[in-house]
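What follows draws every value from the coordinates through simple rules; no lab data is involved. None of the values given here were measured: they were computed from a predicted structure. Don't worry about glycine lacking a Cβ; one is built from the backbone with ideal geometry, like all the others, and counts go over all protein chains shown.
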Amino acid sequence: MQAHSRVGKGESCDNLTVARWGDLVLCEDNTRPRLVGIPPKGEIYHLGLNVGYKSELTGACFSPSGKTLFVNIQHKGLTLAITRPWKT
């Protein structure tokens, strides 16, 4: 399997967190760094793609309220705060 064929399939997970509703949120570390979610039934869905910097996404974690997902862009030293109507 070529490395690029694994992008977005949850096979290049560098780190992960568990959402309050039970899904896994993965930071994929590959040529197209992205965030993916995996619910208990296993269907992968895409949450975001890093298109602004050539650097991996790291350290995804939710705020204590579960309303904000924080993600870092490693080599730029940036932290993103992602809000949306998450499941709770």
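For the options Val71, Val36, Val51, a Gaussian network treatment of the chain with springs between C-alpha atoms closer than 10 Å singles out Val51 as fluctuating the most.
Label sites at Lys54 and Lys87, each approximated as a point 7 angstrom past Cα along Cα to Cβ, lie 3.8 nm apart. Each Lys and Arg Cβ is given +1 and each Asp and Glu Cβ -1; about its Cα centre, the chain then shows a dipole of about 260 debye. A DSSP coil position with no more than 14 other Cβ atoms inside 10 Å describes the following chymotrypsin sites (Phe, Trp or Tyr not before Pro) in the range 14-88: Trp21, Tyr53.
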